Every structure is written in structure tokens, then in C-alpha cells.
Amino acid sequence: MKASALAFQLVQSLLVLLLAPLFLGWVDQCRAWLQNRRGAGVWQPYRTLVKLFYKEVVLAHDASPLFRVTPYVLFGCMALTATLVPMVATDLPLAGAVDVIALVGILALARVFLALAAMDVGTAFGSLGARREMLVSFLAEPALLMVFFTAASLSASTSLSTIVTVLTHRGFFLYPSLAFSGVAFLMVLLAENGRIPVDNPETHLELTMIHEAMILEYTGRHLALIEWAQGLKLLAYVGLGLALFFPFGMTESGDWWALPGALLAFILKLIFMGAGLALLETLSAKQRLFRVPEFMGGAFLLAVLAILIHYLLGA
Amino acid sequence: MIPSLLPLDVVLLVLLGWGTVAILSLALPARLALTLVFPAAMAGSALLTGAGLWGLYGDAHATLILPIGLPGMPFHLRMDALASFFVTLLGAAGMGIHTYAWGYFRTLAAEDRDGFVRLCFFYLIFLASMVAVVVADDAYIFMVSWESMALSSYFLVTTDHEIVAIRRAGFLYLLMAHLGAIALLLCFGLMQQGVGGDYSFASFRQTRLEGIKASEIFLLALLGFGAKAGLLPLHAWLPEAHPAAPSPVSALMSGLMLKMALYGMLRVLFDLLSTTALWWGVMMVVLGLMTALFGVLFAAVQYDIKRLLAYSSVENMGLILSGVGLTLLFHGAGKESVAALALAATLYHALNHAFFKGLLFLGAGSVLHATTERNMAKLGGLIRAMPWVAGFSLVGILSLAGLPPFNGFVSEWLLLQAYLLRPELPQPYLNMTLPLGAAVMALVGALAAYAMVKFYGIVFLGQARGMDLTEVHDAAPKERWGLGWMAAGCILLGLFPVTVIRLMDAVTQGLLGKTVGHTAAQNGWMWLTPVAPERASYSPLILLGGVLAMILLMVVVLRSWGVHGRSRRSAPWDCGYPWQTPRMQDSADGFGQPIKQIFEAFFGLTREIPSPQDAHPHYHSEVTDPLWKWCYVPLNQGVEWLSRGIGRLQQGRISTYLLFSFATLLILLALVSGGAMK
């Protein structure tokens with residue numbers, strides 16, 4: 001049992017590492033279709049990664065060791081996060097090491113490293129991006145924690161495995177608290193992954209960019225790692241959303257017979273989520289930066305409301 | 001000698017040794033004093049750490065009565081688990097600070113002999129009085145130690161007394177310390193009232209105080225210890241006094257002395273007072289969280305490195321006091337096992353704060369020493385000139401920002417667990433509002449990360465802002481050892497939480513009758529499980545191992561696919577803009593600007609914004625503490641008005657004064673006869 005659970009963990013790790021760019025490609029492709037473009041195909045992120053990995057790294061003269069270490073830290077954190085989120089199976093053996101609060105902590109660790117690396121070279125855009133990223137995140141992070149707290153209160157646990165197990169067995173009831181926190185989570189997902197109402201992953205338009213401004217100085221394999229980590233982060237967030245709000249079809253780790261079904265369910269969910277994300281991004285416009293605190297404040301309030309509703313109604 | 005008495009004996013020995021060395025150092029030449037005082041402080045701290053750990057594991061309540069002091073009032077000393085914990089904290093975190101101070105003060109020793117030996121004297125007295133506060137077992141020696149702690153630290157703060165601003169900061173500190181001390185004096189007086197004992201804590205423990213009187217004692221203790229801890233609105237001295245002091249002294253004050261306030265609170269509220277009321281806990285949680293939010297918001301908009309750290313101390317003390325409040329709340333509701341969890345989390349955070357804030361103040365000290373600049377607007381790029389300081393400070397900021405796998409995360413995680421996994425309280429409104437406390441904590445944690453990115457990014461990263469980095473030197477070896485000790489503490493406290501939390505078992509057992517360590521270690525030393533594994537678990541080692549394994553896997557796979565590792569240096573890209581200057585980076589003000597904009601209501605803001613036609617545009621913005629305007633200034637005016645009124649009585653003529661005496665006599669006689677008639 002222990003060995004097969006570990007095998008499940010390993011399968012999931014490999015799956016997310018390999019699948020992350022594909023999901024990114026799928027979202028981009030859907031967006032291209034919605035915008036009446038042909039698009040570059042779902043495999044484009046892989047081609048970009050390979051190209052970047054084989055390119056030479058060009059470092060700024062003053063780049064410190066922190067700058068060089070950051071892509072690796074970022075990748076390690078995001079890969080671990082994506083590994084630990086229950087996507088296909090609940091009750092992963094390593095999930096006990098990191099509960100939801102620690103998960104937010106790992107994401108924050110990666111973010112702080114990236115923001116510091118952005119300030120390292122001392123360019124105007126770097127520190128601008130770092131400041132904006134921290135601005136978005138100091139509102140998004142508490143909102144994310146509150147979403148998790150609602151789920152934790154529902155299941156009397158902060159362990160992701162327990163939360164998902166409890167939520168899987170709850171049947172098709174609509175919990176008002178989960179509905180509110182679902183909306184809050186979606187807003188956090190958009191903000192933290194640099195998607196459209198907050199940031200646009202496609203442009204390098206100086207006045208509006210956040211994430212791209214931070215990674216302007218990165219090249220070659222460093223940039224590849226960051227892009228890959230970005231894909232892992234998006235996949236981890238989407239996986240988290242699916243696990244918290246649509247956990248149906250998951251299997252328990254060690255149950256090999258149910259694996260194909262669970263895998264199929266997961267891939268279908270991903271296809272839908274990717275298309276939905278692209279639709280959402282196509283339908284909305286990027287906000288002014290000073291609208292972003294209001295947007296994130298809204299997410300935070302919704303998440304707080306969710307937890308209050310949970311205690312008020314007990315649901 | 002009975003072996004169980006030994007920890008207290010060791011502490012006493014250290015106190016005696018420090019006292020002797022302190023007096024001796026006054027007569028010594030500076031160089032000799034330097035090589036005597038700081039090694040003595042280090043040796044004493046090592047002994048204290050050992051004695052404290054021994055006291056925690058030995059679980060023996062050693063008491064000692066010293067036949068000195070006032071006649072009929074000998075000094076009572078006692079070392080129980082709570083005292084042992086704080087003795088350990090003083091010793092362990094002190095070690096790094098003293099090592100650093102040994103290197104740091106060498107320039108002062110060479111320049112100003114008299115100033116230096118004074119500093120040595122007060123340094124040791126300060127250390128000794130903090131230890132004495134912890135082992136005191138009667139109100140008399142407690143107050144004596146408490147006051148000598150305040151006075152010696154006042155002299156340490158005003159080491160550079162030639163500067164007017166520092167004298168003012170010192171005066172404010174002295175004033176607040178004494179307001180707090182008066183409250184404490186009244187607090188102990190109230191406890192003594194009706195007992196007829198000898199002001200010993202043992203006699204306080206035996207009396208049961210109820211109702212209003214207990215609440216009065218609580219409020220006085222909150223005022224007295226809150227003034228030391230920097231609880232809102234008594235925090236005003238903290239951001240003034242901490243930057244004014246030499247950096248190792250700032251580290252001592254912020255890392256160690258603030259914890260004495262926590263110690264005093266725990267001692268009075270959980271040990272001496274046998275009762276509690278629910279509203280005490282609610283009040284402390286609310287005040288603590290308000291202090292934390294206030295502190296972190298102000299930290300995020302500072303441009304002076306030490307003020308930023310001082311405000312962050314306000315924030316952390318707020319979190320610690322909210323933890324005390326939470327403990328009190330659960331204790332009052334009779335949920336002792338969750339109260340024990342909250343208490344362990346609070347103590348853990350106190351220990352962590354001693355290490356990471358000590359580390360950051362020492363790091364700021366090295367920056368200050370090397371550049372003589374406290375203004376972030378003129379710093380930058382120091383990671384290239386001072387790699388050691390920058391490396392250790394990085395550990396400090398990651399710990400302070402509450403990021404795994406460092407130590408700050410563990411205690412905040414435990415506190416959040418206490419908020420979340422709380423039992424059903426009898427009051428439904430409390431059940432509903434406690435998660436809001438967790439929300440505020442989450443917000444504070446995220447803002448702390450913001451402030452720390454600002455601190456580190458502006459000071460250590462980027463380009464130098466007009467400073468010649470070739471003239472800036474890294475910390476000297478002794479300073480590096482000191483920084484390294486503190487950084488190692490941050491890392492170890494973060495990686496082995498189960499071992500640390502087991503230390504607190506004796507404390508929670510003594511104060512609440514429950515322990516956390518056994519449940520926390522139920523899945524082995526690697527897994528921290530405060531309640532049950534399926535409710536919450538955290539394993540920093542596996543987390544760290546997981547991240548490293550992922551990186552390793554990726555590197556190995558990429559290498560096997562033939563990805564080369566070549567890199568070359570070039571000018572920064574910056575969207576192709578070639579005329580980049582260091583002034584185009586974010587300044588400290590710029591980085592804090594979004595916080596100023598979003599939380600404008602919290603700040604007292606004065607801004608000068610240049611008009612578009614201005615030929616010499618000048619932007620200036622100043623953030624002031626609104627509590628000065630709302631609290632301190634009216635209070636000050638009130639006192640002045642009152643003293644002017646009293647001043648009118650002083651006519652300077654002897655006949656008037658005789659009239660006053662006569663009137664007083666008449667009134668007293670009337671009062672006495674009135675009493676006699678009854």
C-alpha cells in the first residue's frame with residue numbers, strides 16, 4: 001500500500017512536470033481560436049522551452065548569485081507545489097508534509113525570490129515589476145488563505161488530503177460558503193498567474209506589465225525554467241481549484257484500477273478549465289493598475305464573507 | 001548541594017560574574033575592557049543557555065532566598081519552567097549578539113575610552129537585570145530589576161548623546177518606561193492589598209482575586225507590560241529608541257528586552273492571577289492584531305533601515321500579544337489543550353523573533369558601520385560589497401516574512417492553527433469573529449513580506465545610489481560569526497520544530513496543565529502535528545528535500561539531454577533602454593507608495609508634489625504616526641495645562657505658603673474629626 005501510494009506520487013510528479021507546458025499551450029490555443037487566429041498549436045510552449053534551454057545565458061554585469069539561483073528556487077517551489085496538489089488521486093503520501101498554509105508559504109517563497117531577483121540588476125523595470133507583484137500579492141495571498149480557511153473549517157483540517165477527501169464525499173450540495181470562496185479563488189488565480197484583468201502574459205507593454213517586467217533580464221535556460229515554473233504554477237492553481245470545488249471523479253492513491261478513469265476525468269476537467277480561462281480572458285479587459293487593489297480587495301472580502309457564512313449557516 | 005538547585009545556582013553565578021566584570025571594566029583600559037566584557041557576556045550566555053535547557057528538562061522548581069535587600073524583605077529567586085524558557089532565550093539569542101558586539105564596538109573602543117567603558121558597564125548591567133527580571137520571585141526584586149533594565153538600556157540608547165535627536169529619543173523611552181513601571185507598581189500593590197504578605201510571588205499565588213479587582217490588575221499589567229512591548233498606543237518610543245541605539249544594543253532591545261514584557265504578562269496573567277475573564281483575552285487579541293497591522297503598515301513605508309526594523313518589531317510584538325490573548329481566551333473558556341497550543345506558538349514566535357530580528361538589526365548595524373548611512377534612498381547594491389552580511393540578512397528577511405522552511409513560518413503556522421482548529425467556544429460571536437483574526441494575521445504576514453522585499457531589495461540589491469561601493473567593506477570575522485550564529489538559529493528553529501516545541505512542554509504544563517509536544521511528535525520528529533496528523537501536519541525537512549529533489553531531478557535530466565551550462569556577461573537589457581542610471585530604480589519611497597495610497601487613512605501624510613511647470617521639481621512626502629496627533633499631543637497639552645494651573649499656586653511669598661499649610665491642616669483636622677464622629 002505504501003509503495004503503491006509512493007508510485008502514485010511519482011506518477012503525479014512526472015505527469016504535472018510534463019503536462020504543465022501543454023496546459024499553457026492549450027489555453028493559448030483556445031485564446032487564439034476565440035480571437036479568430038490560427039494560433040501556434042498546443043505544443044508551442046515545448047518548442048519555446050527547448051529553444052531557450054539550448055540558448056546561451058546572458059547575465060547583466062552586476063547580476064549577483066541571488067539572480068542566478070532564483071530560477072532554480074522558483075522551479076523547485078512550483079514543481080513541489082504542483083506535485084502535492086491532489087489532481088488525480090487524494091491521499092498522496094507526501095501531501096502530509098505541506099498543508100494548505102504551507103502551500104501558500106511555498107508560493108510566497110517563490111514570489112519573494114522572484115521579486116528580489118527582479119530588483120537585483122537595478123533596472124527601472126525590474127523594481128517596478130517587483131513592487132507591482134508584491135502589491136498584487138499582499139492582497140491576493142490573504143484572500144487565498146481565507147479561501148483555504150473556509151475549506152479547512154468545512155472539513156476541520158488544514159491538510160489538503162483531508163479537505164479533498166471530505167469534499168469528495170459530500171455529494172452534490174451547493175454550499176454557499178464554497179460558492180463565495182470559489183469566486184474569490186478564481187480572482188486570486190487570475191491575479192497570481194498574471195492573467196488578464198490584472199496582468200497580460202502576452203505583452204511587454206511597459207506601463208502595464210507586472211510579471212514580464214520582473215523577468216525581463218532573464219535569458220536562456222534561466223528564462224526557460226521560469227516559464228516552465230509559470231506553467232506549473234498555473235496548473236497547480238487550476239488543480240487546486242478543481243480539487244476544492246469540483247473534486248468529483250478522483251480516486252484514492254494506491255487504487256490502480258480506478259486510475260484511468262480518474263485520469264480521464266482530470267484531463268477532461270483541464271480541457272474545460274483551460275477553455276473557460278481563455279474565454280474569461282477574451283471577454284474581459286485589462287484593468288488599470290490602481291483598479292487592481294480594488295479587485296483584489298473584492299476577492300479578499302468575498303473570501304472573508306465565505307468564512308463568515310460558513311459560521312453563520314454552518315454550511 | 002542538592003542537584004536540582006543547580007540551574008538557579010548557575011544563573012546566580014552568571015549574574016555575580018557579570019556584575020563583577022561590569023564594575024571591573026570601569027577601571028580598565030579600553031582594549032582590555034573589550035577583550036574582557038564581551039567574552040564574559042558570551043560565556044555567561046552559554047552558561048545561561050545550558051542552565052535554561054537544564055531547567056526545562058529537569059522540571060525542578062528551584063527557589064532561593066537571598067538575605068539582602070530591605071530588612072524583613074529578602075530577595076526571593078525562583079527558576080521554574082517559564083523562567084527557564086526565557087533564560088534559554090536570553091542566553092541563546094544573546095550569544096550571537098555578544099559575539100557580534102565584540103567585533104562591532106572595536107572602533108568605539110579605539111576612539112572614545114570613557115564612552116566605551118560606560119557602554120561596557122551598562123551593557124552587562126542590562127544583561128544581568130534582564131536575567132534577574134526572569135528569576136525574580138517577589139515584587140520587590142522584580143521592580144528593582146525591571147527598573148535597572150530600563151535605566152541601563154536608557155544609557156545604552158543614549159550612547160551617542162551628543163546628538164540632540166538621540167537625547168530626545170532616549171527621554172521619550174525613559175518616560176514611557178516609567179509610565180509602565182508606575183502601572184506595574186500599582187499592579188503589584190493591588191495584588192498585595194489584603195494579603196498582608198511580604199510581596200513575594202508565592203503569597204500572590206495563594207490569594208484568589210475575583211471580579212473587578214482582578215480586572216484592575218489585568219488592566220494595569222496590560223498597561224505596564226504593554227508599554228514595554230510597544231502595544232498600541234504605547235508604541236511611540238519603540239521606533240524612536242531602537243534606531244537611536246548602537247546596532248547590537250538595538251538587537252538586544254528588540255530581540256531580548258521586548259520579550260521581558262511577554263514574560264511579565266505570562267507571569268502575572270497565568271501564574272500569579274488565578275482567575276481570568278473572557279473579555280481580557282478578547283481585548284488582548286484585538287489590541288495585539290491592531291498593533292501588528294499598524295506596525296507592518298508603518299514598516300512598509302519607512303525609509304530609515306532601523307526604523308523599518310523597529311516598526312516590524314511592533315508588528316511582531318503585536319502578533320505575540322495576540323497569541324497571549326488567544327491563550328487567555330481558550331484558558332478562560334476552559335479549553336486548556338488548545339490554550340497550550342496557542343501558548344506554545346506564542347513562545348515559539350518570541351524565540352524566533354529574538355533570532356531573526358536580532359540578525360536583521362545586526363545586519364543593519366554592519367551596513368551602518370560600513371556606509372554610515374541609514375537612509376535607504378542612498379544605499380543599494382550592497383550584496384556585491386558585503387556578500388556575507390547580505391547572505392545572512394537574506395535568511396533574516398525570509399524568516400521575518402514568514403516563509404517556509406525558515407523559523408518565522410513555523411510559529412505563524414502554529415498560531416494560525418490555533419485560530420482555525422479552535423474548539424467550540426461558549427460564545428457564538430467569538431466563534432464567528434475568530435477566523436477574522438486569522439484573516440488579519442494573513443494580511444499582516446503578506447504585508448511583512450512586502451516590507452522585507454523592500455528592505456532587502458533597496459538596501460542590498462540593485463545599483464548603488466550614489467555611493468562608492470569599492471570603499472564599503474564587509475563585516476569583520478567576529479561580526480560574521482555573530483551573524484552566522486543568528487542565521488543558524490533561524491534555520492535550525494525552522495527545520496526542527498518538533499524538537500523545539502518539546503522544550504515548551506514544561507512551560508505549558510506549568511501554566512496550563514497541558515502539553516503539546518507529545519501530540520506534536522506523534523508521527524516522529526520530522527512531522528509537526530499539533531493536533532492530529534489528519535487535521536494538520538507540516539514537515540519542513542521534507543518540504544526542503546522536495547524542493548531540492550525537484551531541482552536536482554531537473555538538472556540531471558537536462559544535463560543528460562545535453563543542455564550546456566554556458567553563460568556570458570553583458571550590459572542589462574532593460575527593454576533596450578541604454579541610458580539607465582541608478583536613480584531610475586525604485587527608491588524606498590517609491591516602493592512604499594502603493595501602501596501609502598491604499599492605506600492612506602492610517603497615515604498622517606504630508607506631501608509636496610511639484611507642479612508640471614516646475615523648473616526644479618522637488619517631491620517630498622513624510623509619513624507621521626497619527627497617534628501622535630490623536631493621543632500624545634492632547635495628553636501633553638493636558639499635562640501642560642494642569643501644571644500651569646498648579647503653577648499658579650506657587651506665589652513665591654512665604655505668607656501664601658503658610659496660608660496653604662494652615663488650610664491643609666484645617667481640612668485634615670475636619671476629615672479626621674469627621675471620621676472620628678462616625
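Mind checking which residues of region B:440-467 are in a helix (DSSP H, G or I), at the interface with another protein chain (Cβ under 7 Å from one of its Cβ atoms) and surrounded by fewer than 24 Cβ atoms within 10 Å (Cβ to Cβ)?
Restricting attention to region B:440-467, the residues satisfying the condition of being in a helix (DSSP H, G or I) are B:440-459.
Now restrict to residues that are at the interface with another protein chain (Cβ under 7 Å from one of its Cβ atoms): B:442-443, B:446-447, B:449-450, B:453, B:456-457.
The one that is in a helix (DSSP H, G or I), at the interface with another protein chain (Cβ under 7 Å from one of its Cβ atoms) and surrounded by fewer than 24 Cβ atoms within 10 Å (Cβ to Cβ): B:LEU443.
Which of the numbered conditions does A:LEU207 fail, given that it passes all the others? Conditions: (1) within 12 Å of chain B (Cβ to nearest Cβ); (2) in contact with a helix residue (DSSP H, G or I) (Cβ under 8 Å, 6 or more places away or on another chain).
The number of the failed condition is (2).
Looking at A:LEU59, A:LEU107, A:LEU74, A:LEU103, which one is surrounded by fewer than 24 Cβ atoms within 10 Å (Cβ to Cβ) and either modelled with pLDDT of 95 or more or under 17 Å from the mean Cα position of the chain (by Cα) (or both)? Even if it seems obvious, please write down each step before you answer.
Details: A:LEU59 fails: either modelled with pLDDT of 95 or more or under 17 Å from the mean Cα position of the chain (by Cα) (or both); A:LEU74 fails: surrounded by fewer than 24 Cβ atoms within 10 Å (Cβ to Cβ); A:LEU103 fails: surrounded by fewer than 24 Cβ atoms within 10 Å (Cβ to Cβ).
Answer to the check: A:LEU107.
Please enumerate the residues belonging to region A:129-138 that are buried (at least 24 other Cβ atoms within 10 Å of the Cβ) and at the interface with chain B (Cβ under 8 Å from one of its Cβ atoms).
A:ALA130, A:ARG131, A:MET134, A:SER137, A:PHE138
Among (1) within 10 Å of another protein chain (Cβ to nearest Cβ); (2) assigned to a helix (DSSP H, G or I), there is one condition B:LEU403 misses while meeting the rest; what is its number?
It fails just one condition, (2).
Condition test on B:SER570, is it more than 22 Å from A:SER64 (Cβ to Cβ) and within 8 Å of chain A (Cβ to nearest Cβ)?
On the way: more than 22 Å from A:SER64 (Cβ to Cβ): no; within 8 Å of chain A (Cβ to nearest Cβ): yes.
Considered against the rule, which asks whether it is more than 22 Å from A:SER64 (Cβ to Cβ) and within 8 Å of chain A (Cβ to nearest Cβ), B:SER570 comes out as no.
Away from every other protein chain (no Cβ under 12 Å), under 33 Å from the mean Cα position of the chain (by Cα), in contact (Cβ under 8 Å) with a residue 60 or more places away in the chain and under 30 Å from A:LEU14 (Cα atoms) - does that describe any residue in region B:494-505?
Scanning region B:494-505 turns up at least one residue that is away from every other protein chain (no Cβ under 12 Å), under 33 Å from the mean Cα position of the chain (by Cα), in contact (Cβ under 8 Å) with a residue 60 or more places away in the chain and under 30 Å from A:LEU14 (Cα atoms).
Test B:PHE591 against the stated conditions and say whether it is facing chain A (nearest Cβ under 7 Å) and either within 30 Å of B:HIS620 (Cα to Cα) or in contact with a Ser or Thr (Cβ under 6 Å, 6 or more places away or on another chain) (or both). Reasoning before the result, please.
Details: facing chain A (nearest Cβ under 7 Å): yes; either within 30 Å of B:HIS620 (Cα to Cα) or in contact with a Ser or Thr (Cβ under 6 Å, 6 or more places away or on another chain) (or both): yes.
It is true that B:PHE591 is facing chain A (nearest Cβ under 7 Å) and either within 30 Å of B:HIS620 (Cα to Cα) or in contact with a Ser or Thr (Cβ under 6 Å, 6 or more places away or on another chain) (or both).
Name the one entry in B:PHE85, B:PHE75 that is surrounded by 15 or more Cβ atoms within 10 Å (Cβ to Cβ) and either part of a strand (DSSP E or B) or at positive phi (or both). Reasoning before the result, please.
Numbers: B:PHE85 fails: either part of a strand (DSSP E or B) or at positive phi (or both).
After ruling out the rest, the residue left standing is B:PHE75.
If you take the residues in region A:50-93 that are polar (S, T, N, Q) and under 30 Å from B:GLY381 (Cβ atoms), which one is farthest from the other protein chains (Cβ to nearest Cβ)? If you could, list the steps in order and put the result at the bottom.
Residues of region A:50-93 that are polar (S, T, N, Q), as a first pass: A:64, A:70, A:81, A:83, A:90.
Filter once more, so that each one left must be under 30 Å from B:GLY381 (Cβ atoms): A:64, A:70.
Working: A:SER64: 5, A:THR70: 11 Å.
It comes out as A:THR70.
Please verify whether A:SER161 is small (Gly, Ala, Ser), facing chain B (nearest Cβ under 10 Å), touching a strand residue (DSSP E or B) at 6+ places or on another chain (Cβ under 8 Å) and assigned to a helix (DSSP H, G or I), treating the condition exactly as stated. Spell out the reasoning first.
Values: small (Gly, Ala, Ser): yes; facing chain B (nearest Cβ under 10 Å): yes; touching a strand residue (DSSP E or B) at 6+ places or on another chain (Cβ under 8 Å): yes; assigned to a helix (DSSP H, G or I): yes.
Spelling it out, A:SER161 is indeed small (Gly, Ala, Ser), facing chain B (nearest Cβ under 10 Å), touching a strand residue (DSSP E or B) at 6+ places or on another chain (Cβ under 8 Å) and assigned to a helix (DSSP H, G or I).
So, in region B:56-71, of the ones that are in contact (Cβ under 8 Å) with a residue 60 or more places away in the chain and not in a loop (DSSP other than H, G, I, E, B), which residue ends up surrounded by the fewest Cβ atoms within 10 Å (Cβ to Cβ)? Outline the logic, then answer.
Start the filter on region B:56-71 by keeping residues that are in contact (Cβ under 8 Å) with a residue 60 or more places away in the chain, which leaves B:56-57, B:59, B:63, B:69-70.
In the following step, the residues that additionally are not in a loop (DSSP other than H, G, I, E, B) were identified as B:56-57, B:63, B:69-70.
Details: B:LEU56: 23, B:TYR57: 15, B:THR63: 16, B:GLY69: 15, B:LEU70: 9.
Here the residue is B:LEU70.
Could you tell me how many of the residues in region A:211-231 are more than 16 Å from the chain's Cα centre (by Cα) and more than 12 Å from chain B (Cβ to nearest Cβ)?
Our first condition is that a residue be more than 16 Å from the chain's Cα centre (by Cα); within region A:211-231, this holds for A:212-224.
Among the residues that remain, those that are also more than 12 Å from chain B (Cβ to nearest Cβ) are: none.
Residues flagged as more than 16 Å from the chain's Cα centre (by Cα) and more than 12 Å from chain B (Cβ to nearest Cβ) within region A:211-231 amount to 0.
If B:VAL472 satisfies all but one of (1) at pLDDT 90 or above; (2) surrounded by fewer than 24 Cβ atoms within 10 Å (Cβ to Cβ); (3) among the hydrophobic types (A, V, I, L, M, F, W, C), what's the number of the condition it fails?
It fails just one condition, (1).
Tell me yes or no: at least one residue of region A:288-311 is surrounded by 19 or more Cβ atoms within 10 Å (Cβ to Cβ), away from chain B (no Cβ under 13 Å) and either of a type in the set (A, V, I, L, M, F, W, C) or closer than 21 Å to A:PHE149 by Cα (or both).
no
Any residue at all in region B:50-71 that's under 26 Å from the mean Cα position of the chain (by Cα) and within 30 Å of B:PRO29 (Cβ to Cβ)?
Of region B:50-71, the ones under 26 Å from the mean Cα position of the chain (by Cα) are B:50-57.
Next cut, within 30 Å of B:PRO29 (Cβ to Cβ) only: none.
Looking through region B:50-71, none of the residues is under 26 Å from the mean Cα position of the chain (by Cα) and within 30 Å of B:PRO29 (Cβ to Cβ).
If a residue must be in a helix (DSSP H, G or I) and either within 20 Å of B:ALA532 (Cα to Cα) or at pLDDT 95 or above (or both), how many such residues does region B:327-345 contain?
The initial filter retains those residues of region B:327-345 that are in a helix (DSSP H, G or I), namely B:327-332, B:336-345.
Among the residues that remain, those that are also either within 20 Å of B:ALA532 (Cα to Cα) or at pLDDT 95 or above (or both) are: B:327, B:330, B:336-345.
Qualifying residue count, region B:327-345: 12.
Within region B:544-567, track down each residue that is within 43 Å of the chain's Cα centre (by Cα), facing another protein chain (nearest Cβ under 7 Å) and of a type in the set (A, V, I, L, M, F, W, C). Walk me through it before giving the result.
Going residue by residue through region B:544-567, those that are within 43 Å of the chain's Cα centre (by Cα) are B:544-555.
Still in the running and facing another protein chain (nearest Cβ under 7 Å): B:546-548, B:550-551, B:554.
Answer for region B:544-567, where residues must be within 43 Å of the chain's Cα centre (by Cα), facing another protein chain (nearest Cβ under 7 Å) and of a type in the set (A, V, I, L, M, F, W, C): B:VAL547, B:LEU548, B:MET550, B:ILE551, B:MET554.
Out of B:GLU216, B:GLU210, which single residue is at pLDDT below 95, touching a Leu at 6+ places or on another chain (Cβ under 9 Å) and surrounded by fewer than 24 Cβ atoms within 10 Å (Cβ to Cβ)? Before the answer, list the steps.
Details: B:GLU210 fails: touching a Leu at 6+ places or on another chain (Cβ under 9 Å).
Step by step, each of B:GLU216, B:GLU210 is checked, and only B:GLU216 is at pLDDT below 95, touching a Leu at 6+ places or on another chain (Cβ under 9 Å) and surrounded by fewer than 24 Cβ atoms within 10 Å (Cβ to Cβ).
Out of all the residues in region B:468-481, is one or more of a type in the set (Phe, Trp, Tyr) and within 14 Å of chain A (Cβ to nearest Cβ)?
Applying the first criterion (of a type in the set (Phe, Trp, Tyr)) to region B:468-481 yields B:481.
Next, only the ones that are within 14 Å of chain A (Cβ to nearest Cβ) stay: none.
No, every residue in region B:468-481 fails to be of a type in the set (Phe, Trp, Tyr) and within 14 Å of chain A (Cβ to nearest Cβ).
The values are calculated or read from the model by the stated rules, or taken from the named source; none is laboratory data. All values derive from a computational prediction rather than experimental measurement. So basically every Cβ, Gly included, is an ideal-geometry build from the backbone, and we count neighbours across all protein chains shown.
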